[in-house]
Amino acid sequence: MKPEEIKKNLNKLVRYRSSKLGLDSEYILTGAIFRKGENGFYYQAELTDPKWQNSIIIAGLEQIEAIKEGG
């Protein structure tokens, strides 16, 4: 996902893929975090599991894909 796509996808389902964790599931994009690291600024996404509302994941935008409306 690109930073300019965050706003239009807030509170919508997105696909999160992590080969490290073995996850490929749908989550709700509930927030974005803007951080400054040693190599400059970057975004991270806050994802909420739709089945477990108190379970969140903080992930890089490169691991998230917007789900097209209608499937």
>> Of everything in the stretch 20-43, what is surrounded by fewer than 13 Cβ atoms within 10 Å (Cβ to Cβ), among the aliphatic types (A, V, I, L, M) and either within 13 Å of the chain's Cα centre (by Cα) or under 17 Å from Pro3 (Cα atoms) (or both)? Give them in sequence order.
In response: Ile33
>> Go through the stretch 49-71 and report how many residues are assigned to a strand (DSSP E or B), without any contact (Cβ under 8 Å) to a residue 60 or more places away in the chain and within 19 Å of Lys2 (Cα to Cα).
In response: 4
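Say whether the condition of being surrounded by 13 or more Cβ atoms within 10 Å (Cβ to Cβ), among the acidic types (Asp, Glu) and modelled with pLDDT of 95 or more is met by at least one residue in the stretch 45-61.
Of all residues in the stretch 45-61, those surrounded by 13 or more Cβ atoms within 10 Å (Cβ to Cβ) come to 45-49, 56-57, 59, 61.
Now narrow it down to the ones that are among the acidic types (Asp, Glu): 46, 49.
Of the ones still in play, those that are also modelled with pLDDT of 95 or more are 46.
For the stretch 45-61, residues surrounded by 13 or more Cβ atoms within 10 Å (Cβ to Cβ), among the acidic types (Asp, Glu) and modelled with pLDDT of 95 or more: present.
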> Which residues, counting only those in the stretch 3-16, are surrounded by 10 or more Cβ atoms within 10 Å (Cβ to Cβ) and either assigned to a helix (DSSP H, G or I) or modelled with pLDDT under 95 (or both)?
Replying inline: Pro3, Glu5, Ile6, Asn9
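The values are calculated or read from the model by the stated rules, or taken from the named source; none is laboratory data. Treat the numbers as computed from the prediction; the structure is a model and nothing was measured. A quick note on method: Cβ atoms are made from the backbone with ideal geometry, for glycine too, and the neighbour counts reach across all protein chains shown.
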